[in-house]
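Comments concern the structure below.
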Amino acid sequence: MAEEAKNNGDSGAVVAAQGHGSADAAVGTAVIAPDAVQNPGLPPHRKRVTDLDPKKSKRAERTVYTLFYISIAGSLGAVLAYMFFPIETGELMAIRLHTMFVGLGMALALLAVGIGAVHWGKAIMADHESIDYRHPVASDAPTREASAEVFKLADEESGFSRRSLVRNSLIGALIAFPLPGITLLRGLAPQDRDAVQLLKHTMWDKGVRLARDPSGVPIKASEVTIGSAFHVIPETLNHEDFAAMSLDERGGSEHLLDAKAKAIVLLMRLDQSELQVSEERKGWSYDGIVAYSKVCTHVGCPVALYEQHTHHLLCPCHQSQFDVSQEAKVIFGPAKRPLPQLPITVDDEGYLVAQSDFHEPVGPSFWERLK
């Protein structure tokens with residue numbers, strides 16, 4: 001076979017005598033079929049109508065920046081719809097109109113900027129076929145200089161710098177598009193009250209009994225054994241009592257679920273020798289029983305996983321861990337501060353009661369939070 005290959009050297013390849021599966025081909029010998037498919041290359045370039053007709057090119061440009069302006073109008077329309085169709089009344093029709101017009105504005109903004117960008121690329125930008133070969137990283141200095149030239153050429157071919165109306169309308173559309181989302185964020189916080197104060201005050205108050213969640217049955221200190229954990233709510237958190245309370249007694253919350261979300265607590269009992277208590281919190285626990293807010297200080301998820309042997313509380317959302325033996329100190333994860341502690345004691349009947357409300361705002365940390 002080698003002699004045959006040598007005699008047929010002008011062919012540039014070794015060809016099997018009986019096809020690809022020939023038993024005569026030696027192991028390791030390159031075998032190339034004589035009927036291999038040839039690379040057809042790139043098809044002939046077909047110019048677009050915008051390449052052939054300057055008027056149609058100009059029309060395409062007008063279409064693109066008009067779509068970008070429509071996107072700006074949609075974004076501003078969503079903001080105006082948020083303002084003129086409020087949902088604070090809670091009426092079903094108001095909520096429907098608010099949702100419909102805000103959604104239509106945002107959909108128009110996104111759809112118009114998307115169609116405009118696609119039409120820009122298909123009708124206006126330079127249209128030619130090219131092959132971009134991949135090279136090892138990192139490139140040398142000449143290659144990086146060549147890359148800079150590519151960006152410069154792309155700018156010239158796309159007309160980004162030259163077509164000022166297209167460029168400016170696109171920039172305006174991209175700036176306006178996030179405005180509805182930013183505006184909607186305002187609706188997540190109360191508009192007539194200080195959010196800091198609302199998070200700082202809950203339904204816990206002096207003498208309020210700790211009750212099981214969700215039954216509302218009060219908890220005696222004798223029922224909490226070492227290693228146990230209880231999900232706790234205020235005893236006053238029930239439909240009958242809640243409806244008769246003033247807004248201040250509700251901790252500033254108008255709805256039952258909002259009040260519960262701020263007041264949920266996890267109750268645990270440790271051996272007193274394992275508790276590392278600071279001087280200012282020496283009277284906040286009772287016989288090794290401690291109570292901490294169940295709302296994670298990262299983004300507000302419920303911290304409900306308790307490891308009995310390590311005394312660690314785990315947030316299942318982003319894996320923040322708090323050490324209950326060290327006043328719920330953060331030992332792992334993205335949370336930035338310990339869980340707020342609820343000062344507790346017992347009443348004359350042996351039931352666990354709160355000494356006061358939390359001494360700091362519950363929930364996620366934020367720049368306006370007051371300690």
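Proximity of backbone amide H atoms, modeled 1.01 Å from N, is registered between HIS359 and GLN341 at under 5 Å, excluding neighbours fewer than 5 places apart on the same chain.
List the trypsin sites (Lys or Arg not before Pro) within the range 117-162 that fall in a DSSP loop (any state other than H, G, I, E or B) and whose Cβ has at most 11 other Cβ atoms within 10 Å. Those satisfying the criteria are ARG134, ARG162.
Using a simple spin-label model with pseudo-atoms 7 Å out from Cα toward Cβ, PHE332 and MET100 lie 5.2 nm apart.
Ordering ALA229, GLN38, VAL290 by the projection of their Cα atoms onto the charge dipole of the chain, which places +1 on the Cβ of Lys and Arg and -1 on the Cβ of Asp and Glu, puts GLN38 at the extreme positive end.
Can you give me the angle between helix 141-158 and the longest principal axis of the chain, using Cα atoms only, in degrees from 0 to 90, rounded to the nearest 10? Helix 141-158 and the main axis of the chain meet at about 90 degrees. Taking SER222, SER293, SER71 as the candidate residues, the one with maximal mean-square fluctuation in a Gaussian network model of the chain, Cα springs under 10 Å, is SER222.
Taking 0.36 nm per residue of separation and subtracting the current Cα-Cα distance, fully stretching the chain between GLU145 and HIS309 would add 53.0 nm.
Every pair of different Cα atoms in the chain enters the Kirkwood calculation, which places the hydrodynamic radius at 27.9 Å. With the simple spin-label model, which puts each label point 7 Å out from Cα in the Cβ direction, the MET245 to ASP132 separation comes to 6.0 nm. Per atom type, the chain shows carbon and sulfur on 59% of its accessible surface, probed at 1.4 Å.
In order along the range 202-217, the phi-based Karplus estimate (6.51 cos²θ - 1.76 cosθ + 1.60, θ = phi - 60°) of 3J(HN,Hα) comes to 10, 7, 6, 8, 4, x, 6, 6, 7, 10, 5, 9, x, 5, x, 7 Hz; Gly and Pro are listed as x.
Could you tell me how many degrees, from 0 to 90 and to the nearest 10, lie between the Cα long axis of helix 92-119 and the main elongation axis, the longest principal axis, of the Cα atoms of the chain? That works out to roughly 30 degrees. Between amide H atoms placed 1.01 Å from N, distances below 5 Å from ILE344 occur with SER285, GLN355, all of them 5 or more places distant or on a separate chain.
Taking 4 °C and 1.567 mPa s as the conditions, I'd like the Stokes-Einstein D for the range 218-371 in µm²/s, using the Kirkwood hydrodynamic radius from alpha carbon pairs. The diffusion coefficient I find is 81 µm²/s.
Note that the range 284-371, at 25 °C in a medium of 0.890 mPa s, gets a Stokes-Einstein diffusion coefficient of 182 µm²/s from its Kirkwood radius over C-alpha pairs.
Computed from the C-beta positions of LEU52 and LEU184 and an R0 of 56 Å, the FRET efficiency is 0.75 to the nearest 0.05. Note that the chain presents 61 Å² accessible area per residue, ligands and nucleic acids not counted, probe 1.4 Å. Modelled this way, with points 7 Å down the Cα-to-C-beta line, the labels at GLN272 and PHE160 are 7.0 nm from one another.
Round to the nearest 10 and give me the degree value, 0 to 90, for the angle of helix 164-176's Cα axis relative to the longest principal axis of the chain. For 164-176 against the chain, the angle is about 20 degrees. Under a Gaussian network description of the chain, with springs only between Cα atoms under 10 Å, the residue in PRO218, PRO86, PRO44 that fluctuates furthest is PRO44.
The values are calculated or read from the model by the stated rules, or taken from the named source; none is laboratory data. Keep in mind that what you see is a predicted model, and the values were worked out from it rather than measured. Cβ atoms come from the backbone with ideal geometry, glycine included; neighbour counts cover every protein chain shown. These area figures cover heavy atoms from the full protein model, side chains too; ligands, DNA and RNA do not enter into them. Shrake-Rupley method; radii C 1.70, N 1.55, O 1.52, S 1.80 Å.
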